[in-house]
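To keep things clear, I will list the structure first and then write my remarks on it.
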């Protein structure tokens, strides 16, 4: 007998879960708060420009290969591997550091400031690679039923890696390199996790291995939203419907099981099994009203930095500006340690710029460019008032104009600003936190909110704030793990 699954949220974790379950014979239906699917992997169209809202590149593409095989579909989008991963500039210097996947080219970038760079980086990456492959299947890509289960898994990790648990990303880099610039550039992996290198465990330096050796970085032909469009098209073939503009606000239970969810209009949504692709911690507090996930408890958890984003359309070409750019200042440690709790000003911000139209020419009218700017900022716990949004945007644009040696203000023909307030409201992000729960030692593995509900046996979770963590490939792995749980409980209906 076919069982029905209702998935709450259509982020990447929800979309990939839907297709995996459909392959296994489940009848799948989805509800989504927003006007279009995708969650943070979304898109803005305005004034003739098209912008990817969130992620602009990613690694571990083989997780998508494994997913399409598991879901029984063909890859519905095309990857584009980046030879130049990104470019880093420091305030007060015209020098640009091009981060190449090719180690020989990379070494030439740093030969003047880091003697013997190639050997040092080679050693750093080898150690990261060994660690990655020792933990990928033992720790990362598996479920945990309880803390004891997690501790047993951790016991299989070679003891030589234990120091990485207690050191920070910055401490780890400090053991390998001398140059301030080298350490700051390769500690940016912590910001990819929505944190800083001073509060992120050194285990995450393995991300340098995934970006430079294991798989590299990729984006998608036609823009990142092609991932969502491709998956939705595959869902249509399998009769999986998505009901948009539908927010879950309540629930009913019966005999210890979840009976239904209720949307903002009072409509009840019923199924045999439920998968929540909304934030696994926030949803438990907001909808299920669980005391363990009250606002007070959530406030005491470690959340990732919030996004302050600009989407700019300009009426000229900027061929001299690379595709992916990080603009850093001259007070990296001070800025990193103060940005979380709003102890800095944004007069001299740190930010990332993606020239969207460089890789996707159709995103801007001919002769123009589409720019995406991301500045990591404090969440609403530490900065609830964003009435200064225009002032902050002006500071970023002024600084970027100086760095690019272009008066951008004269060329902007389209501008959209999103603060943590808008991000939080659009995607139910707790206090505007961009990537969900952080990755401290007490918030990884079994310490992370579980992907099965602690009260209702027919409710499961997929997404950034449950196993295994944040990022596009992690969302795909999350869908694999939650489907494994559902299969274990309900079985394969047909292949």
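The values are calculated or read from the model by the stated rules, or taken from the named source; none is laboratory data. Being a predicted model, the structure only gives us computed values, none of them experimental. All Cβ positions, even for glycine, are placed from backbone atoms using ideal geometry, and neighbour counts span all protein chains on display.
Filtered by the rule that a residue be within 15 Å of the chain's Cα centre (by Cα) and either in a helix (DSSP H, G or I) or surrounded by fewer than 22 Cβ atoms within 10 Å (Cβ to Cβ) (or both), the stretch 5-39 gives 12, 13, 14.
Here is the figure for the stretch 406-424: residues that are in contact with a helix residue (DSSP H, G or I) (Cβ under 7 Å, 6 or more places away or on another chain), touching a residue at least 60 places away in the same chain (Cβ under 8 Å) and surrounded by fewer than 17 Cβ atoms within 10 Å (Cβ to Cβ) total 0. For the condition under 22 Å from the mean Cα position of the chain (by Cα) and at pLDDT 90 or above, residue 105 does not qualify.
Test of understanding: among 86, 97, 62, which residue is within 17 Å of residue 218 (Cβ to Cβ) and touching a strand residue (DSSP E or B) at 6+ places or on another chain (Cβ under 6 Å)? Only one candidate qualifies: 86.
Among the residues of the stretch 158-192, those that are at pLDDT below 85, surrounded by 14 or more Cβ atoms within 10 Å (Cβ to Cβ) and either over 30 Å from residue 108 (Cα atoms) or touching a helix residue (DSSP H, G or I) at 6+ places or on another chain (Cβ under 6 Å) (or both) comprise 161, 164. I'm told residue 70 meets every condition in (1) under 24 Å from residue 481 (Cβ atoms); (2) in contact with a strand residue (DSSP E or B) (Cβ under 6 Å, 6 or more places away or on another chain) except one. Can you identify the failing condition by its number? Every condition holds for residue 70 apart from (2). Within the stretch 217-234, the residues that satisfy the criterion of being within 17 Å of residue 27 (Cα to Cα) and either surrounded by fewer than 22 Cβ atoms within 10 Å (Cβ to Cβ) or at pLDDT below 95 (or both) are 232, 233, 234.
Taking the criterion of being over 17 Å from residue 51 (Cα atoms) and surrounded by 15 or more Cβ atoms within 10 Å (Cβ to Cβ), the residues of the stretch 323-336 that qualify are 326, 327, 328, 329, 332, 335, 336.
Matching residues to (1) in a loop (DSSP other than H, G, I, E, B); (2) touching a residue at least 60 places away in the same chain (Cβ under 8 Å); (3) touching a strand residue (DSSP E or B) at 6+ places or on another chain (Cβ under 6 Å); (4) loosely packed, with under 15 Cβ neighbours inside 10 Å:
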{"position": "349", "(1), (2), (3), (4)": "yes, no, yes, no"}
{"position": "367", "(1), (2), (3), (4)": "yes, no, no, yes"}
{"position": "372", "(1), (2), (3), (4)": "no, yes, yes, no"}
{"position": "376", "(1), (2), (3), (4)": "no, yes, no, no"}
{"position": "387", "(1), (2), (3), (4)": "yes, no, no, yes"}
{"position": "390", "(1), (2), (3), (4)": "no, no, no, yes"}
{"position": "394", "(1), (2), (3), (4)": "no, no, no, yes"}
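Within the stretch 439-455, at least one residue is over 30 Å from residue 218 (Cα atoms), assigned to a strand (DSSP E or B), in contact with a strand residue (DSSP E or B) (Cβ under 6 Å, 6 or more places away or on another chain) and assigned by TED's automatic domain parsing to the domain that holds residue 295. For first residues located in the stretch 81-106 and in contact (Cβ under 8 Å) with a residue 24 or more places away in the chain, partners that are surrounded by fewer than 13 Cβ atoms within 10 Å (Cβ to Cβ) and assigned to a loop (DSSP other than H, G, I, E, B) and lie 6+ apart or on another chain with Cβ distances below 6 Å form the pairs 91/330; 92/330. Here residue 260 passes the criteria (1) touching a residue at least 60 places away in the same chain (Cβ under 8 Å); (2) in contact with a strand residue (DSSP E or B) (Cβ under 6 Å, 6 or more places away or on another chain); (3) surrounded by 16 or more Cβ atoms within 10 Å (Cβ to Cβ) except the one numbered (1). The residue that is surrounded by the fewest Cβ atoms within 10 Å (Cβ to Cβ), counting only those in the stretch 70-102 that are outside any strand (DSSP E or B), under 23 Å from the mean Cα position of the chain (by Cα) and at pLDDT 95 or above, is 78. The set of residues in the stretch 117-150 being closer than 21 Å to residue 450 by Cβ, surrounded by fewer than 13 Cβ atoms within 10 Å (Cβ to Cβ) and without any contact (Cβ under 8 Å) to a residue 24 or more places away in the chain consists of 137, 145, 148. Taken across the stretch 306-319, residues that are at pLDDT below 95, over 24 Å from the mean Cα position of the chain (by Cα) and in a loop (DSSP other than H, G, I, E, B) do occur, with at least one present. Going by the conditions given, is residue 114 in a loop (DSSP other than H, G, I, E, B), assigned by TED's automatic domain parsing to the domain that holds residue 174 and either surrounded by 15 or more Cβ atoms within 10 Å (Cβ to Cβ) or more than 22 Å from the chain's Cα centre (by Cα) (or both)? Yes; evaluated as a whole, the condition is true for this residue. Scanning the stretch 458-495 for residues that are assigned to a loop (DSSP other than H, G, I, E, B), surrounded by fewer than 16 Cβ atoms within 10 Å (Cβ to Cβ) and under 28 Å from the mean Cα position of the chain (by Cα) yields a count of 0.
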